[in-house]
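Engineer: Before we start, here is the structure in question, set down as structure tokens.
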Amino acid sequence: MTSTISKESLPKHVAIIMDGNGRWAEKHAFPRVRGHRKGAESVRTIVTLSRKLGISWLTLYAFSEENWKRPTHEVSALMKLLGSFLKRELKEMKENGIRLNVIGRTEKLPTATREILLDTIRQTSHGRRMVLTLALSYSGRQEILDAASALARKVKNGDMDPADITEDLFSANLYTSGMPDPDLVIRTSGEYRISNFLLWQISYSEIYITPTLWPDFGEAEFLNALSEYRKRDRRFGAVATTQ
Ligand code: IPE
Ligand code: IPE
Ligand code: MG
């Protein structure tokens, strides 16, 4: 089945809002953390399949700036889970040419998690087949503010004129500098919102929302999202190609 998808019809960049771990746990009468652990298995499945299919960029919303508001024990369990996940997957990432990248205010992460993260980024830096970006302590609005401040500073120092600020220059000052905008955004667990994810970058992304909770999101549903994407007519404000 996977081999039947031609590379041209694939989104180059898929971004996923992985939501519903807590509800999955609740549904099975488990503590929330068990939902996050099961969610990490879905991450593995989707990363592996994306790489196999030839998707070049995969971005996963793993922890938002707003998620710091959660109970301390949940936050610390998530951070530990992230560290152990990265350690466990390092070998496989290296073998498959997957380069790890991160966006967000990672200086806020606990030191131990941050060290594992930086080490994984370093050790996978030669990967050329797929870039796996984790959004951690990420806020789309904060990202835009950070870019605005950086540009304002350049103007203030006389290095640039306000008229030089184009869309491309602004994009180049975001955390996602050098990355293409997502073609497809997937959100699991049925919420019809963006939750502060990649606000600038998704201006023309196709959106796929499924009621499936993230821990239940597997290969079949991901392939379905890709097949839905192929049916979309991306007009970018122009008239349909068939008209
Ligand atoms: C997504 O699942 C994981 C994170 C936001 C870290 P949730 O933990 O938000 O699950 P629900 O939305 O409570 O079901
Ligand atoms: C979005 O999920 C953030 C991540 C998936 C990391 P949330 O569960 O935090 O979003 P809301 O609170 O439903 O908007
Ligand atoms: Mg949620």
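The values are calculated or read from the model by the stated rules, or taken from the named source; none is laboratory data. Note that this is a predicted model, so its numbers are computed, not measured. Reconstructed Cβ throughout: ideal geometry from the backbone, glycine too, with neighbour counts over all protein chains shown. The protein model used for the area step is the full one, side chains on, heavy atoms only, and it has no ligands, DNA or RNA in it. Shrake-Rupley method; radii C 1.70, N 1.55, O 1.52, S 1.80 Å.
Engineer: Exactly one condition in (1) without any contact (Cβ under 8 Å) to a residue 60 or more places away in the chain; (2) surrounded by 11 or more Cβ atoms within 10 Å (Cβ to Cβ); (3) among the aliphatic types (A, V, I, L, M) is not met by A220; state its number.
Structural biologist: Failing condition for A220: (2).
Engineer: Could we say that L184 is out of contact with any Gly (no Cβ under 6 Å at 6 or more places or on another chain), of a type in the set (A, V, I, L, M) and without any contact (Cβ under 8 Å) to a residue 12 or more places away in the chain here? Write out each step before concluding.
Structural biologist: Working: out of contact with any Gly (no Cβ under 6 Å at 6 or more places or on another chain): yes; of a type in the set (A, V, I, L, M): yes; without any contact (Cβ under 8 Å) to a residue 12 or more places away in the chain: no.
The answer is no for L184.
Engineer: Just to check your reading of the model, which residue among T59, T113, T72 is more than 23 Å from S189 (Cα to Cα), among the polar types (S, T, N, Q) and open to solvent by less than 20 Å² (accessible area, probe 1.4 Å)?
Structural biologist: T113
Engineer: A further question on this structure: Can you tell me which residues in the range 206-219 are touching a strand residue (DSSP E or B) at 6+ places or on another chain (Cβ under 6 Å) and within 16 Å of ligand 2 (Cβ to nearest atom)?
Structural biologist: Correct list: I207, Y208, I209.
Engineer: Turning to a different aspect of this structure: Just give me the residues in the range 177-201 being hydroxyl-bearing (S, T, Y), within 16 Å of ligand 2 (Cβ to nearest atom) and in contact with a Ser or Thr (Cβ under 8 Å, 6 or more places away or on another chain), in sequence order. Even if it seems obvious, please write down each step before you answer.
Structural biologist: Just the residues of the range 177-201 that are hydroxyl-bearing (S, T, Y), to begin with: 177, 188-189, 192, 195.
Subsequent filtering for residues that are within 16 Å of ligand 2 (Cβ to nearest atom) retains 188-189, 192, 195.
Within the range 177-201, T188, S189, S195 qualify.
Engineer: Among the listed residues L118, L134, identify the single one that is under 16 Å from the mean Cα position of the chain (by Cα) and under 22 Å from M179 (Cβ atoms). Working first, answer last.
Structural biologist: On the way: L118 fails: under 16 Å from the mean Cα position of the chain (by Cα).
Just a single option satisfies the conditions, and that option is L134.
Residues are listed down the side, and each one gets a yes or a no for (1) open to solvent by 40 Å² or more (accessible area, probe 1.4 Å); (2) free of Cβ contacts under 8 Å to residues at least 40 places away in the same chain:
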position: L100; (1), (2): no, yes
position: G104; (1), (2): no, no
position: S149; (1), (2): yes, yes
position: R153; (1), (2): yes, yes
position: D161; (1), (2): yes, yes
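Engineer: Search the range 17-56 for residues being of a type in the set (S, T, N, Q) and open to solvent by less than 10 Å² (accessible area, probe 1.4 Å), and hand back the single one that is nearest to R88 (Cα to Cα).
Structural biologist: So in the range 17-56, the residues of a type in the set (S, T, N, Q) come out as 21, 42, 45, 48, 50, 56.
Remaining after also requiring open to solvent by less than 10 Å² (accessible area, probe 1.4 Å): 42, 50.
Numbers: S42: 14, S50: 18 Å.
So, considering only residues that are of a type in the set (S, T, N, Q) and open to solvent by less than 10 Å² (accessible area, probe 1.4 Å), the one nearest to R88 (Cα to Cα) is S42.
Engineer: May I pose another question? Among the residues of the range 156-192, what is the count of those that are of a type in the set (F, W, Y) and over 18 Å from I103 (Cα atoms)?
Structural biologist: Step one: filter the range 156-192 for residues of a type in the set (F, W, Y), giving 170, 175, 192.
Adding the requirement that they be over 18 Å from I103 (Cα atoms) leaves 192.
Residues meeting the conditions: 1.
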